[in-house]
Amino acid sequence: MTETTIPTVAGIGSVPNGTHSVPERDLALRVVRDALEDASLELSAVDGLYMPAPRPWTPQGFFSTYLLHVLGLDVDRSLEVSTGGTSGGNAFHSAVSDIRDGTVETALVLAVERNSIVETTGPYFDYILKSFDAEFESPIGMTVPAAYAQSMQRYAYEYGIDRDDLADVVVKNRENGAVNPNGLFDESPSRDDVLDARLIADPIRLFDCPAPCDGAAAILLTADDLDESASPRIAVDGTGYHHTASHFLMSRETSITELPAVRRAATTATDRAGVSIADIDVFEPYAPFPHIEAIVTEELGLAERGRGVDACLEGHTAPDGPFPISPSGGCLGRGHPPMVTPLLNYVEAVKQLRGTASTQVPEAERVLTTAEHGHVNGVTATVFATEV
């Protein structure tokens, strides 16, 4: 094994987003089994396990250790990562790195989350409060929608954007998600439905928010010199990460209408893949609110500053547009178990490149995904490509 080893995705597994009554263990075992079957690999081939650390309300602690016991699996590397929304992305990148340097040959990357077992008030809200500055922000009861509401207001003000037009980003993603069999929703709201929905944090309304849900996903990564699997293997061509010196809305050197970590991480990933953004056929970003998708579009250089919403209105981000964004539905249209979402983006990238996506982009050869902390401003970016 050498540093030039290109990790490939041999197998994927996921459950539909929704509400699951079985324990996290059972969801994990299901997606592991499906990924192994998809890859035509035996469990004994796995020598590395990587996952985001489950949320505090998960009944089973030390989950990765427990899972190794249940599976009866010996590994050379085991890792649980806790970095908010990028947890799954960082776990995946660690697996990629270990395969590249020969630490492991077959890595199982796993995420599982059940939000249906926690009350929004109480444990969940206490957990969210701890994400903010404990001295200045947490005492005032800051929430995630409240933080994003401030950037949405500022974004509309700085660029003269009609706030109502952001509803089209929601509708686009909900339409994409409605045909995704693993999505949370069966139908899409209209533009008027989005604008008339219950106010959450002015100007954010209910359908502007990602719906928390239960979910699980697994991905098997292997070195590129292993035997052929049942499914076409997809190469992990490039990875990138960046975190700017900021935490939510405090101490930012740039406007809250910018996410420079997206640009830096994506540039690193495409440079390592030897391609440019113009070479990417599909984008599956972690964009939990409609204006964030618009800003990500701008940070990637797909639209000028302040024109990300126009890109959606003009059909550029639609599945049949020049740069499709979230044909799977993304956070807004597919449902959002945050620890699992990065892996769901990877699963969707693999499906696009296999030609089996629910909303397939014709002749897709490269997909770029992101995972993000949001306004904490840390991002992972990954380029997947068909092997040619």
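Per the listing 61, 102, 84, the residue uniquely of a type outside the set (Phe, Trp, Tyr) and free of Cβ contacts under 8 Å to residues at least 24 places away in the same chain is 61. Report yes if residue 12 is part of a loop (DSSP other than H, G, I, E, B) and either out of contact with any His (no Cβ under 8 Å at 6 or more places or on another chain) or of a type outside the set (Lys, Arg) (or both), otherwise no. Judged against the criteria, residue 12 is not a match. Across region 322-370, the number of residues qualifying as outside any loop (DSSP other than H, G, I, E, B) and not aliphatic (A, V, I, L, M) comes to 15.
So, in region 121-139, how many residues would count as being of a type in the set (Ser, Thr, Tyr), in contact (Cβ under 8 Å) with a residue 40 or more places away in the chain and exposed (fewer than 15 other Cβ atoms within 10 Å of the Cβ)? Adding up the residues that qualify gives 1. With respect to residue 156, is the statement that it is surrounded by fewer than 23 Cβ atoms within 10 Å (Cβ to Cβ) and either among the small types (Gly, Ala, Ser) or touching a residue at least 40 places away in the same chain (Cβ under 8 Å) (or both) true? The answer is yes for residue 156.
Assess whether residue 313 counts as being open to solvent by less than 20 Å² (accessible area, probe 1.4 Å) and of a type in the set (A, V, I, L, M, F, W, C). Taking the combined requirement at face value, the residue does not satisfy it. Residue 44 falls short on exactly one of the conditions (1) open to solvent by less than 60 Å² (accessible area, probe 1.4 Å); (2) assigned to a helix (DSSP H, G or I); (3) of a type outside the set (Val, Ile, Thr), and that condition is (1).
Here 257, 270, 317 are screened, and the one residue that is modelled with pLDDT under 95 and β-branched (Val, Ile, Thr) is 257. When region 91-116 is filtered for residues that are touching a strand residue (DSSP E or B) at 6+ places or on another chain (Cβ under 7 Å) and in a helix (DSSP H, G or I), the ones remaining, listed by number, are 91, 92, 93, 94, 95, 96, 98, 99. Please determine, by comparing only the residues of region 200-225 that are small (Gly, Ala, Ser) and outside any strand (DSSP E or B), which one is least open to solvent (accessible area, probe 1.4 Å). Out of the qualifying residues, it is 223. Looking only at region 255-293, residues that are open to solvent by 50 Å² or more (accessible area, probe 1.4 Å), among the aliphatic types (A, V, I, L, M) and touching a residue at least 60 places away in the same chain (Cβ under 8 Å) come to 0 in all. Looking across 169, 179, 118, one residue alone is touching an Asp or Glu at 6+ places or on another chain (Cβ under 8 Å), at pLDDT 90 or above and either farther than 21 Å from residue 14 by Cβ or open to solvent by 70 Å² or more (accessible area, probe 1.4 Å) (or both). It is 169.
The values are calculated or read from the model by the stated rules, or taken from the named source; none is laboratory data. As the structure is a prediction and not an experimental result, all values here were calculated from the model. Cβ: placed from backbone, ideal geometry, glycine included. Neighbour counts: every protein chain shown. Areas reflect the complete protein model, heavy atoms only, side chains present, ligands, DNA and RNA absent. Shrake-Rupley method; radii C 1.70, N 1.55, O 1.52, S 1.80 Å.
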